[in-house]
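Here's the structure, in structure tokens; my notes come after.
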Amino acid sequence: MPPEAAAPARRLSRLGQEVLLPTAVIVGLGLVWEASVHLFDIPVYLLPAPSVIWTDSVAIAGTIWGHTLATLYTVLVGFVVSIVISLPLAVALTSSRAVANAIYPILVLTQSIPKVALAPILVVLLGANELPRIVVTFLVAFFPLVIAIATGLMAVPSELIELGRSYKASVWQELHRIRLPYAIPFIFSGLKVAVALSVVGAVVGEFVNADQGLGYLIVSATAFFQVPVAFGALIILSVMGIVLFQAVVVIERVLFPWSAESGQNTIA
Amino acid sequence: MIEIGDVSKTFTTRDGSTVTALSGIDLEIPDNQFISLVGPSGCGKSTLLRLVAGLVPADAGRIAIDGTAVREPRREVGIVFQNATLLPWASIVENVLFPLKIMHAMRPDSRDRAHDLLRLVGLGGFEDREPRELSGGMQQRAAICRALIHDPAILLMDEPFGALDALTREEMSLELLRIWTEQPKTILFVTHAITEAVLLSDRVVVMSPRPGRIDEIIDVPLPRPRSFDMEGLHEFQDCAQRIRSLIFGRSGRRLAGAA
Ligand SMILES: Nc1ncnc2c1ncn2[C@@H]1O[C@H](COP(=O)(O)OP(=O)(O)O)[C@@H](O)[C@H]1O
Ligand SMILES: [Mg+2]
């Protein structure tokens, strides 16, 4: 435990390390970008300057906001579907060798199919609506999550399992009092990957079939040579990815502080 | 009373070969005795503990507690492992209460009992801390409280102080003796430390490997209460020397034979 007085100072320097430094780097890169475009007279359809991206995007801010919400919706629904399906799937995978042998090849198969190629077929199958986009998002995002959860469920030390068994824990008790809590750090590593991949999946879905969303905006903007707007959409997508990733990090720190500090997640 | 009669246990390893972990084990443990198991690694000490705990079945022979055959884990048994194996997400007091929650045996005064036990082992005030905030020795004390929470008549301890430094180890041994005196129970205690075994036990069971069997059971004639001062007594030295010669004399011969 650090002395009480040192805590605020430490928090400040941490804030500097984690927020101010990367912000400064990004602002610096933006300035170099802006300067280069003017200095070398780069045409706007090749590489628009940040200022142009800003003014062109702000000009249609309302429209972009609508597209952003549409993409966010697909990302979140796809992400939640991934969680809801991955959890029981991982439990099933780790419950017995036979189940694992039955399911695992199918999971690997879903991963070997190129999602971009699958998307148009899904549109034919499921109709030109929300559903194929969500399915593509799910297919892109769920696999690392299943693997992470299954790894966590299997990583429980045998002594903990024996501890439960020595008090006659039922299968259910073993799962929800020992295995699942133990897997939480692993689950959150998986969630961080899955949320980032959900953004990728949603955009792939929108490329193929959408009348809304940032992916659709990029396709239609580039078709009409509105390159600054496409860049604007791209930047919003990255920001969305970062914000969602950080949201997962914060949720873990708030709900499971022991997990966030367990060393399983040294990245976040 | 724990009765172990002509018990054998063979494991089949992943590659299909078999290991005879225990063969022809005979041991009777009267109530409230303190018994230590010593012997080189691989001689089946942990396996014997697991058999008594009902965690693995014996291939042959009979294991009974108070006359009933052991077929599955039983309520009157508590276990302490080499590592504290506390649940990292639960506070110390929640860890201590874990067996009661699993067994649906929480009572209104259970929490008070957990606090009392923690105070008994010097962990008063740490009830709401998380395991990672405690040292290894403190974690192991909490694990002992967890094994005691349902007041088991039998305590099985598998090298419980193996991961601790020498000083903490001596301190914990004395603490265990104090708990055992205050709350008498049958203790089956696996250890690598010969002096620890002599200091704690009524009888020391010396085992040898491949196949795991009992070499000799040594009565420790020292009076109670025990203390580390007794290490100088010739009864203590005789016991320790006898155990040492049983373990090292044998492996010395084998080394000579292998050379
Ligand atoms: N689950 C198991 N599967 C296969 N072999 C085992 C298993 N448990 C123990 N053994 C083997 O049985 C023997 C005794 O092991 P153990 O009881 O752990 O010895 P100790 O605790 O005295 O070191 C060892 O040779 C070990 O490899
Ligand atoms: Mg062992």
- Task: Go through A:Trp54, B:Trp89, A:Trp33, A:Trp258 and list them by solvent-accessible area, largest first, probe radius 1.4 Å.
- Result: A:Trp54, A:Trp33, B:Trp89, A:Trp258
- B:His192 - accessible surface, heavy atoms, 1.4 Å probe, Å² rounded to 10: 100 Å²
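May I ask you to order B:50-63, A:99-112, A:197-210 by the average number of other C-beta atoms within 10 Å around their residues, highest value first? Let's see the in-between values first.
Values: B:50-63: 18.6, A:99-112: 11.7, A:197-210: 25.1.
With the highest mean Cβ count within 10 Å placed first, the list reads A:197-210, B:50-63, A:99-112.
On a 1.4 Å probe surface of the protein chains, which of B:Lys101, B:Lys45 comes out largest in accessible area, and what is the full order?
Working: B:Lys101 50, B:Lys45 10 Å².
If we order B:Lys101, B:Lys45 from most to least accessible, we get B:Lys101, B:Lys45.
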- Of all DSSP beta bridges in the protein assembly as shown, what percent run antiparallel (nearest 5)? 55 percent
- Task: Pick out, from B:Phe11, A:Thr137, B:Ala166, the residue whose Cα sits farthest towards the positive end of the charge dipole of the protein assembly as shown, with +1 on the Cβ of Lys and Arg and -1 on the Cβ of Asp and Glu.
- Result: B:Phe11
- Message: With a 10 Å cut-off between alpha carbons and a GNM built on chain B, which of B:Ala69, B:Ala240, B:Ala114 moves the most?
- Response: B:Ala69
- Task: Using only protein heavy atoms and a 1.4 Å probe, report how much of B:Phe11 is accessible, in Å² to the nearest 10.
- Result: 80 Å²
- Counting only protein heavy atoms and rolling a 1.4 Å probe, how much accessible area do B and A lose on contact, total for both sides, in Å² to 100? 2200 Å²
- Message: Rounding to the nearest 10 and keeping the result within 0 to 90°, find how far the Cα-based axis of helix B:110-120 lies from the longest principal axis of chain B.
- Response: 60 degrees
- Apply the Debye scattering formula to chain A, with a single equal point scatterer on each alpha-carbon and no solvent, then give log10 I(q)/I(0) at q = 0.07 Å⁻¹. -0.35
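Treat every Asp and Glu Cβ in the range A:61-267 as -1 and every Lys and Arg Cβ as +1, leave all other atoms uncharged, and give the resulting dipole magnitude about the Cα centre to the nearest 20 debye.
320 debye
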- Note on the structure: For the range A:61-267, the per residue accessible area (1.4 Å probe, Å²) is 46 Å²
- Task: Assign one of three labels to the range B:135-201, namely rounded, prolate or oblate, based on the Cα gyration tensor with a ≥ b ≥ c the square roots of its eigenvalues; rounded applies when a/c is under 1.5, prolate when it is not and a/b is larger than b/c, and oblate otherwise.
- Result: oblate
- Query: Per residue, how many Å² of accessible area does chain B show with a 1.4 Å probe?
  - Reply: 44 Å²
- Task: Sort out for me the Cα centre separation of the range B:138-195 from the range A:212-248, rounded to whole Å.
- Result: 62 Å
- Message: What does the structure give for B:54-66 when I average, per residue, the other chain Cβ atoms found within 10 Å of the residue Cβ?
- Response: 1
- Where a Cα-Cα gap under 23 Å defines reach, which lysines qualify for A:Lys192, not counting those fewer than 8 residues away within the same chain? A:Lys115
- Message: With +1 on the Cβ of every Lys and Arg and -1 on the Cβ of every Asp and Glu, and nothing else charged, how large is the dipole of the protein assembly as shown about its Cα centre, in debye rounded to the nearest 20?
- Response: 780 debye
- Item | Computed label-point distance, nm, for sites A:Glu34 and B:Glu182 using a 7 Å Cα→Cβ extension | 7.1 nm
- Counting only C-alpha contacts under 8 Å and six or more residues apart, can you give the relative contact order of chain B as a whole percent? 25 percent
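Whenever you get a sec, compute what percent of the accessible area on the protein assembly as shown sits on carbon and sulfur atoms (1.4 Å probe).
Numbers: 16430 of 25830 Å².
Here carbon and sulfur together make up 64 percent of the probe-accessible area.
For A:Thr74, B:Thr168, write out the residues from largest to smallest accessible area, computed with a 1.4 angstrom probe and no ligands counted.
Values: A:Thr74 0, B:Thr168 25 Å².
Reading off the accessible areas and sorting them downward yields B:Thr168, A:Thr74.
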- Item | Of B:Val19, B:Val96, B:Val80, the one that fluctuates the most in a GNM where chain B has Cα springs shorter than 10 Å | B:Val19
- Item | Straight-distance crosslink candidates among lysines, where the alpha carbon sits under 25 Å from B:Lys185 and sequence neighbours closer than 8 are dropped | A:Lys168, B:Lys45, B:Lys101
- Message: Quick check: the distance between the Cα centres of the range A:170-201 and the range B:1-70, to the nearest angstrom?
- Response: 38 Å
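For the protein assembly as shown, what does the equivalent ellipsoid look like in terms of its semi-axes, each the square root of 5 times an eigenvalue of the Cα gyration tensor, given largest first in whole Å?
Numbers: eigenvalues 764, 147, 87 Å².
Working from the Cα gyration tensor, I get semi-axes of 62, 27, 21 Å.
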- Message: How large is the accessible surface of B:Asp219 in square angstrom, using a 1.4 angstrom probe and rounding to the nearest 10?
- Response: 110 Å²
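The values are calculated or read from the model by the stated rules, or taken from the named source; none is laboratory data. Everything numeric in this text was worked out from a predicted model, so none of it was measured. With ideal geometry, Cβ positions are generated from the backbone for all residues, glycine too; neighbour counts draw on all protein chains shown. Note: areas computed on protein heavy atoms with side chains; ligands, DNA, RNA excluded. Shrake-Rupley method; radii C 1.70, N 1.55, O 1.52, S 1.80 Å.
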